[in-house]
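Engineer: First, the structure itself, so that you have it in front of you.
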Amino acid sequence: MVTAVLFDMDGLMFDTEVLHYHGWKMAGKRQGFELPHDLLMRVKGSAKNIGNAMLSEAVEGFNPEVAREEKTQYVLDYIDKNGVPVKPGLEKLLQFLNERKIKCAVASSTKEELVKKFLEMTNLTKYFDTLVCGDRVTHGKPAPDIFLEAARMVGEDPTNCIVLEDSINGIQAGHAAGCHVIMVPDQIPATDELRAMTDRVIGRLDDLIDIFDEI
């Protein structure tokens, strides 16, 4: 029986992953590098230290820490000017879960201050019981810690939790935590490898409503 839903944020709740992607590309060019698409897809959703290590190893001479700051500023500048782009079906799903008294948590590799900012800007804070962010756990995605901590914070067993994810690292983390994993593809398609770690793949967030009782 599902008693809680654990949400990733970038690329899942908000259409911000594409902003991070363009921010990385811009920051790479400032250092004289063209960051490969497949590398950025592997970095997507990972913990900061893991992502930085992947970038440093793949691109000799690249400074990921400086680039990450520039990338984040690129995203914030866009958000401050244009608002937070909300994914289709998000609030409808949150309203459904609220009516069913299903606990909800955000479990994101993003810094807590940014998660809070985005939730406040979209008036969605009221739907979530807790937030567990990348700066709150020792081992970030693809390790299961962030989802295990989110389950603990809402007082539910991980096996009774649904994880909603769009990234490789997030899906691996949810699977390792023993949760039911639902993929909502964003920039990364649902490969056979990813499908093997998920219960379902859905096209948009509110598609979960129709299959919720089947999970």
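Here, each number is a calculation from the coordinates, and none is a lab measurement. Bear in mind that the values here come from a model prediction, so they are computed numbers and not experimental data. Glycine also receives a Cβ, built like all others from the backbone with ideal geometry; neighbour counts cover every protein chain displayed.
Engineer: When a footprinting reagent is the concern and you count Cβ atoms within 10 Å, what order do T110, T159 take, fewest first?
Structural biologist: In order of increasing Cβ crowding within 10 Å: T159, T110.
Engineer: Anything over 30 Å Cα to Cα? Flag those among K29/K92; K25/K101; K101/K141; K44/K103, in the order listed.
Structural biologist: As for pairs spanning more than 30 Å Cα to Cα, those are K29/K92; K25/K101.
Engineer: Divide the volume of the convex hull of the Cα atoms of the stretch 17-82 by its number of residues and quote the answer in cubic angstrom per residue.
Structural biologist: Considering the Cα atoms of the stretch 17-82, their hull volume per residue is 76 Å³.
Engineer: Obtain the nm distance between the two label points defined at T138 and S56 by a simple spin-label model: each point lies 7 Å from its Cα along the Cα-to-C-beta direction.
Structural biologist: 2.0
Engineer: Also, quick follow-up: If the viscosity is 1.567 mPa s and the temperature 4 °C, what translational diffusion coefficient in µm²/s does Stokes-Einstein give for the stretch 83-124 when Rh comes from Kirkwood over Cα pairs?
Structural biologist: Using the Kirkwood radius from Cα pairs, D works out to 113 µm²/s.
Engineer: With no solvent and one point per C-alpha, what does the Debye sum give as log10 I(q)/I(0) for the stretch 131-215 at q = 0.22, 0.26 Å⁻¹?
Structural biologist: Here the Debye-derived log intensity ratios amount to -1.06, -1.32.
Engineer: Still on this structure: Quick one: in the stretch 78-167, what % of C-alpha pairs are over 15 Å apart?
Structural biologist: It works out to 63 percent of all Cα pairs.
Engineer: Taking 0.36 nm per residue of sequence separation and subtracting the Cα-Cα distance, how much length would be gained by fully extending the chain between N82 and N49, in nm to one decimal?
Structural biologist: 8.9 nm
Engineer: Moving to a separate point now. Order these by the 10 Å Cβ neighbour count, fewest first: I202, I162.
Structural biologist: I202, I162
Engineer: Oh, and also: So how far apart, in nm, are the two label points at M41 and E193 if each is 7 Å from Cα heading toward Cβ?
Structural biologist: 1.0
Engineer: Here is a follow-up. Per 10 Å bin, what is the whole-percent P(r) computed from every C-alpha pair distance within the chain?
Structural biologist: P(r) over the chain, rounded to whole percents: 9, 36, 37, 15, 3, 0.
Engineer: Turning to a different aspect of this structure: Using the count of nearby Cβ atoms within 10 Å as a rough guide to exposure, how do E60, E91 rank from fewest to most?
Structural biologist: E60, E91
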